[in-house]
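Here is the structure we will look at.
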Amino acid sequence: MTTFTRLLPTLGLLALLAAATSAPAFSPAIAEAYGLRVEIPELAIWTAADEARPVVVRLTNTSAEPRTGTVALGLLEPFSTPGGDQPFDLPAGQSVDLSWPVTPGAGVYTALYPVHATASFAVARAARQTHAVLVTEVQVPPPPAATPAVIVADQGPLNLAMVMPQRVLVTPDNGAEREFVGGNDATTRADFRPRQNSDRGGQRQSIVGHPPWTGGTGSVAGEWRILLPQITPITFTTGLAIRDSGPNEGVSDGVTFRLRVDGEPVLEHHTDSKVWVDLEQDLSAYAGREIALRLELDPGPERNTSSDSAHLGAPQIFVGPRPQAEPAEAKGARAASALVAAR
């Protein structure tokens, strides 16, 4: 196989077509010279990268003498084939089909691409070639636009409850991870909704979610690309609680929360508490890096999803030393002093 240096598809196509010799034809892809006819049958439009399909080269000996030689397939990157040159030995008047598995690789554009088939053989001890070119079409969707990372300030909190995740994902226990949009997944009924307000023993801006419960169990998660500053400490904090159950509902056995960084779990906690359980995880090891931060909700080891709506209260990334909580006595004294001053 001949692989041509990758160019922009349009420029590469023009250059390669100009290089064709021995009466090439592009539509249909048929060329005949020195008693050998070379044809590349039409190909359906490629609609995906990494979609392998056979490319056939049909040879017909139109002379009164045998034709023996080899056929080379020439492709423009990122098209490729594991097959090399193929030999042929054709009696007069006979035909043969040769085939190569061809795949457009990652990075292929929506464009026209040439496929070259060059037959090399000898006539009266003179080297001859017949060269056909097929122009095939690729129509692939454009790659998704890169989503910029959320930049965390050098000091203070970033409340993830108020920042929409770049991806919301459901991972069934019996299936592959996939994204969904709109807050609720229509197939599994998984739910993940930022920008909520929850009171589980104090009002907090929150994320409310429910693991999948229709057609099987699994987990639901939101994921943010986060660019952390080169400052420590960096701390993740959140409250975790589940909702109240009604009298005619099943009682929840709790929900498991996981914090993942670049896919690896760094914090896990299971609770059936209906008031805030405060969790904390040091992220200082990731200072100065861009990370994928995922907040994941799971029904827990028993896979029981009854009443498993969970609340993540004020899930925050805090950079720098955090202010110390004011003791209740000091807070009460300050409130009493302010009341006296207001009279």
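Collect the residues in the stretch 50-65 that are part of a loop (DSSP other than H, G, I, E, B), modelled with pLDDT of 95 or more and either surrounded by 13 or more Cβ atoms within 10 Å (Cβ to Cβ) or of a type in the set (Ser, Thr, Tyr) (or both), keeping them in residue-number order.
Correct list: Thr62, Ser63.
Here is a check on your reading of the model: is Ala325 in a loop (DSSP other than H, G, I, E, B), at pLDDT below 90, outside the structural domain of Pro211 (by TED's automatic domain parsing) and aliphatic (A, V, I, L, M)?
Answer is yes for this residue.
Looking only at the stretch 150-175, count how many residues are over 20 Å from Arg195 (Cβ atoms) and either touching a residue at least 60 places away in the same chain (Cβ under 8 Å) or among the aromatic types (Phe, Trp, Tyr) (or both).
3
Between residues in the stretch 268-282 that are touching a residue at least 60 places away in the same chain (Cβ under 8 Å) and residues that are among the small types (Gly, Ala, Ser) and surrounded by fewer than 15 Cβ atoms within 10 Å (Cβ to Cβ), which pairs lie under 7 Å by C-beta distance while being six or more apart or on different chains?
Val275/Gly201; Trp276/Gly201; Trp276/Gly202
Has the stretch 244-253 got at least one residue that is in the same structural domain as Leu158 (by TED's automatic domain parsing) and more than 24 Å from Asn184 (Cα to Cα)?
yes
For the stretch 87-98, state whether one or more residues are more than 35 Å from the chain's Cα centre (by Cα), in the same structural domain as Glu39 (by TED's automatic domain parsing) and without any contact (Cβ under 8 Å) to a residue 24 or more places away in the chain.
yes
Confirm whether Arg260 is more than 16 Å from Ser309 (Cα to Cα), within 28 Å of the chain's Cα centre (by Cα) and among the basic types (Lys, Arg).
Considered against the rule, which asks whether it is more than 16 Å from Ser309 (Cα to Cα), within 28 Å of the chain's Cα centre (by Cα) and among the basic types (Lys, Arg), Arg260 comes out as yes.
The values are calculated or read from the model by the stated rules, or taken from the named source; none is laboratory data. The structure displayed is predicted, hence computed values, not measured ones. For neighbour counting, all protein chains shown are included, and Cβ atoms are generated from backbone atoms with ideal geometry for every residue, glycine included.
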